[in-house]
């Protein structure tokens with residue numbers, strides 16, 4: 001009787017072990033399947049990341065190329081505006097009782113790792129006038145000309161240290177009453193008149209600021 005009980009228990013134990021082994025094998029198979037699926041998803045994700053990176057890279061290259069063309073256009077357009085403004089400047093300053101005997105365009109100086117570029121520079125024996133030329137003049141451009149060009153001018157160009165520095169802006173279009181703002185800041189203001197000639201807008205009572 002005891003032998004039958006032991007045999008029966010052994011059979012049940014064996015059946016349980018077999019069931020556990022089957023379950024374990026099934027779980028292992030499911031785990032392997034999930035692992036394969038996860039690996040596949042990682043591969044797909046990596047591919048998508050690569051495709052996205054390639055798209056961003058291509059887009060960035062196109063953007064850089066476009067910005068390069070825009071900058072080149074701005075430079076060329078700026079040169080065109082300067083060439084339109086420059087010819088009659090000397091005569092206009094003569095009318096304002098300032099004799100000009102020298103004019104230089106696109107003058108640049110590097111110092112202490114910084115660069116100062118002047119669009120047009122007018123000179124005579126005792127004064128120098130750096131002129132900023134803008135297609136569209138706004139208040140920000142006026143302030144930038146004062147702070148970045150006029151105030152540090154003699155540091156970059158010590159050869160003019162004994163001369164009085166006046167400032168001027170020239171433009172085709174104006175925003176924010178920037179011409180009036182420049183006048184109040186003590187700058188000469190130049191633009192095109194009705195006959196397409198450059199005129200100085202400052203009245204006879206104007207007193208220029210020296211820098």
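The values are calculated or read from the model by the stated rules, or taken from the named source; none is laboratory data. In this text the structure is predicted, and so the values were computed from the model without any measurement. Because the Cβ atoms are built from the backbone with ideal geometry, glycine has one as well, and the counts that use them run over all protein chains shown.
For the range 125-135, the set of residues classified as touching a helix residue (DSSP H, G or I) at 6+ places or on another chain (Cβ under 9 Å) and surrounded by fewer than 18 Cβ atoms within 10 Å (Cβ to Cβ) consists of 135 only. Among the residues of the range 146-174, those that are farther than 24 Å from residue 88 by Cβ, loosely packed, with under 14 Cβ neighbours inside 10 Å and free of Cβ contacts under 8 Å to residues at least 40 places away in the same chain comprise 147, 158, 159, 161, 162.
Of everything in the range 95-150 that is touching a strand residue (DSSP E or B) at 6+ places or on another chain (Cβ under 9 Å) and in a loop (DSSP other than H, G, I, E, B), the residue that is modelled with the lowest pLDDT is 96. Among the residues of the range 163-199, the ones that are over 16 Å from residue 140 (Cβ atoms), in a loop (DSSP other than H, G, I, E, B) and at pLDDT below 95 come to 5 in all.
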